[in-house]
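Q: Below are the structure tokens for one structure; questions will follow.
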Amino acid sequence: MDLDDPRWQVAGRVADAARRRFPADILAVAVHGPLAHGDDDGGGDAEVDLLLVTYRAGGGPAPSTRRVDGVLVALTVADADGYLRRARTLTPAWPLTADRYVTTVALYDPTGWLRTLRDEHLGRLARARPAEFSTAARDAWYRGWAAHARAARLAEWYETDQALVMLGEARLAAATVSGLLSRTYFRDPGDAVRRTGLAGADMTEVGRVLTGQAEELTARGRPVDGTVDDLLTG
């Protein structure tokens, strides 16, 4: 922790102010994201992602984002039980959310709650069956396939800007599928597409990746295609 870094200074001020204003509500305060990693990769040198953990839902301040002394502060407020439930839940977004459960840096944590958060999340992953990751990957694949199909259609209509936006969504979804299939999590969306080689993938390349992922999901017993009965029975 570089105390001369203005980001840490602002984070500390926010943490102190929150504890003074909500002394009965704040259980822990932590930093996650690029600042917690000790670098600017994927973030920037003027951003702080701050987590306030409260004893109960509705406690503490409301989540908000503001620029404070030139530093953008994104304030996440979560109750302890709800946040632990999210950490124990394996969702299609897991590769993009897991980092914050294991790499937070405490600014205030007298009870060691952040260690509990990390241990609960890692324990859930250790107990997860391969089929759970495949199911989550299939759900993420649907989003990627839909975004890619929209991108291709928009490109045919010469709606270039919109097509590029949808292609970006397809890249990220395909990267998320890769993370789920390999049990790899990423620091942020930029890290996801970079590490999976999808950052500069064009329409054809993304389509090829999605096709390969569909084949792998089928081999794992979670095919992306099904019948009407499959749809209605989940």
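Q: Exactly one condition in (1) in contact with a strand residue (DSSP E or B) (Cβ under 6 Å, 6 or more places away or on another chain); (2) part of a loop (DSSP other than H, G, I, E, B) is false for residue 72; which is it?
A: (2)
Q: Does residue 143 fit the bill of being surrounded by fewer than 19 Cβ atoms within 10 Å (Cβ to Cβ) and touching a helix residue (DSSP H, G or I) at 6+ places or on another chain (Cβ under 9 Å)? Outline the logic, then answer.
A: Working: surrounded by fewer than 19 Cβ atoms within 10 Å (Cβ to Cβ): yes; touching a helix residue (DSSP H, G or I) at 6+ places or on another chain (Cβ under 9 Å): yes.
Yes, satisfied.
Q: On to the next question. Out of all the residues in region 166-208, which are among the β-branched types (Val, Ile, Thr) and assigned to a helix (DSSP H, G or I)? Show your work before the answer.
A: Step one: list which residues in region 166-208 are among the β-branched types (Val, Ile, Thr), which gives 176-177, 184, 193, 196, 204, 206.
Those that are among the β-branched types (Val, Ile, Thr) and assigned to a helix (DSSP H, G or I): 176, 177, 193, 204, 206.
Q: Give 222, 153 a once-over and let me know the one that is outside any helix (DSSP H, G or I) and of a type in the set (D, E, K, R). Talk me through it step by step, then tell me what you get.
A: Working: 153 fails: outside any helix (DSSP H, G or I).
Being outside any helix (DSSP H, G or I) and of a type in the set (D, E, K, R) holds for just one of 222, 153, which is 222.
Let's see how each residue does on (1) of a type outside the set (Asp, Glu); (2) open to solvent by 70 Å² or more (accessible area, probe 1.4 Å); (3) without any contact (Cβ under 8 Å) to a residue 60 or more places away in the chain; (4) farther than 21 Å from residue 34 by Cα:
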residue	(1), (2), (3), (4)
161	no, yes, yes, yes
175	yes, no, no, no
181	yes, no, yes, yes
186	yes, no, no, no
190	yes, no, no, no
196	yes, no, yes, no
212	yes, no, yes, yes
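Q: Right, another one. Of the residues in region 104-140, how many are in a helix (DSSP H, G or I), more than 16 Å from the chain's Cα centre (by Cα) and touching a residue at least 40 places away in the same chain (Cβ under 8 Å)? Spell out how you get there, then give the answer.
A: Just the residues of region 104-140 that are in a helix (DSSP H, G or I), to begin with: 113-127, 130-140.
Restricting the remaining residues to those that are more than 16 Å from the chain's Cα centre (by Cα) gives 113-116, 119-120, 123-124, 126-127, 130-132, 134-135, 138.
Imposing the further condition that a residue be touching a residue at least 40 places away in the same chain (Cβ under 8 Å) reduces the set to 113-114, 130-132, 134-135, 138.
Within region 104-140, residues that are in a helix (DSSP H, G or I), more than 16 Å from the chain's Cα centre (by Cα) and touching a residue at least 40 places away in the same chain (Cβ under 8 Å) number 8.
Q: Determine whether region 42-63 contains at least one residue that is in a helix (DSSP H, G or I), touching a strand residue (DSSP E or B) at 6+ places or on another chain (Cβ under 6 Å) and either at pLDDT 95 or above or not acidic (Asp, Glu) (or both). Even if it seems obvious, please write down each step before you answer.
A: First, pick out the residues of region 42-63 that are in a helix (DSSP H, G or I): none.
Taking every residue of region 42-63 in turn, none turns out to be in a helix (DSSP H, G or I), touching a strand residue (DSSP E or B) at 6+ places or on another chain (Cβ under 6 Å) and either at pLDDT 95 or above or not acidic (Asp, Glu) (or both).
Per-residue answers, yes or no, for (1) surrounded by fewer than 19 Cβ atoms within 10 Å (Cβ to Cβ); (2) hydrophobic (A, V, I, L, M, F, W, C):
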| position | (1), (2) |
| --- | --- |
| 82 | yes, no |
| 85 | yes, no |
| 88 | yes, no |
| 98 | no, yes |
| 101 | no, no |
| 128 | yes, yes |
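The values are calculated or read from the model by the stated rules, or taken from the named source; none is laboratory data. All values derive from a computational prediction rather than experimental measurement. Reconstructed Cβ throughout: ideal geometry from the backbone, glycine too, with neighbour counts over all protein chains shown. These accessible areas exclude ligands, DNA and RNA; they are computed on the full protein's heavy atoms, side chains included. Shrake-Rupley method; radii C 1.70, N 1.55, O 1.52, S 1.80 Å.
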